[in-house]
Amino acid sequence: MTTASASVPESFYALLEQPLISYIATIGPKGEPQVSPVWHDWDGEFVRVAVLEETQKARNVDANGTVAFTVIDPETPARYIEIRGTVTRHLDRDDEYGDRLARKYLGKDHLPWSTPDVRRWILTIHPTRVITT
């Protein structure tokens, strides 16, 4: 099923709430796609992912704020959601978002590998198209 709507069907909320590895595709400097595994969060309206400032993903988003995001249902691999859209970003002050992801994915209060000088950006995906199967 493909929908031109920019909203996520309720039947996919539970999938987005699980601590699953998801994938974000960005556009590289030569126009090539780059797909990266990421942790994500879902607030019922927007998907958010975190990227470190020095990564190619962050540079790609700075140059072209268009992304595609995908999560695959591990119980039914033919079932997935793809969210295409534009990105806004803001700095993760005091690593609060990193800690939120640590609780979701690791069951820990803080990311074990985070350092005080880390510059993590939170990317908020604003859906322009949602595709589901």
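Checking each residue in region 79-133 for being of a type in the set (Ser, Thr, Tyr), farther than 25 Å from Ile27 by Cβ and assigned to a helix (DSSP H, G or I) picks out only Tyr105.
If you scan region 107-126, which residues turn out to be farther than 23 Å from Gln56 by Cβ and either among the aliphatic types (A, V, I, L, M) or out of contact with any Lys or Arg (no Cβ under 7 Å at 6 or more places or on another chain) (or both)?
Answer for region 107-126, where residues must be farther than 23 Å from Gln56 by Cβ and either among the aliphatic types (A, V, I, L, M) or out of contact with any Lys or Arg (no Cβ under 7 Å at 6 or more places or on another chain) (or both): Gly107, Lys108, His110, Pro112, Pro116.
Restricting to region 51-78, name every residue that is under 19 Å from Glu17 (Cβ atoms) and part of a loop (DSSP other than H, G, I, E, B). Asp73, Pro74, Glu75, Thr76, Pro77 - these are the residues of region 51-78 that are under 19 Å from Glu17 (Cβ atoms) and part of a loop (DSSP other than H, G, I, E, B). A Cβ distance below 6 Å, combined with a sequence gap of six or more or placement on separate chains, defines the contacts here; from region 35-62, residues that are more than 21 Å from Asp94 (Cβ to Cβ) reach residues that are assigned to a loop (DSSP other than H, G, I, E, B) and aliphatic (A, V, I, L, M) in the pairs Pro37/Ile21. One residue alone among Asp62, Asp41 is under 23 Å from Leu106 (Cβ atoms) and of a type outside the set (Gly, Ala, Ser), and that residue is Asp41. Within region 19-34, the residues that satisfy the criterion of being free of Cβ contacts under 8 Å to residues at least 12 places away in the same chain and either crowded, with 16+ Cβ neighbours inside 10 Å or not in a strand (DSSP E or B) (or both) are Lys30, Gly31, Glu32. What residue, among those in region 39-71 that are surrounded by fewer than 18 Cβ atoms within 10 Å (Cβ to Cβ) and β-branched (Val, Ile, Thr), is farthest from the chain's Cα centre (by Cα)? Checking each candidate, the answer is Thr55. Only a single item in (1) over 20 Å from Leu91 (Cα atoms); (2) surrounded by 11 or more Cβ atoms within 10 Å (Cβ to Cβ); (3) modelled with pLDDT under 95 is not met by Ser7, and it is number (2).
The values are calculated or read from the model by the stated rules, or taken from the named source; none is laboratory data. Since this is a predicted model, take the numbers as computed values, not measurements. When we count neighbours, we look across all protein chains shown, and the Cβ atoms used for this are built from the backbone with ideal geometry, even at glycine.
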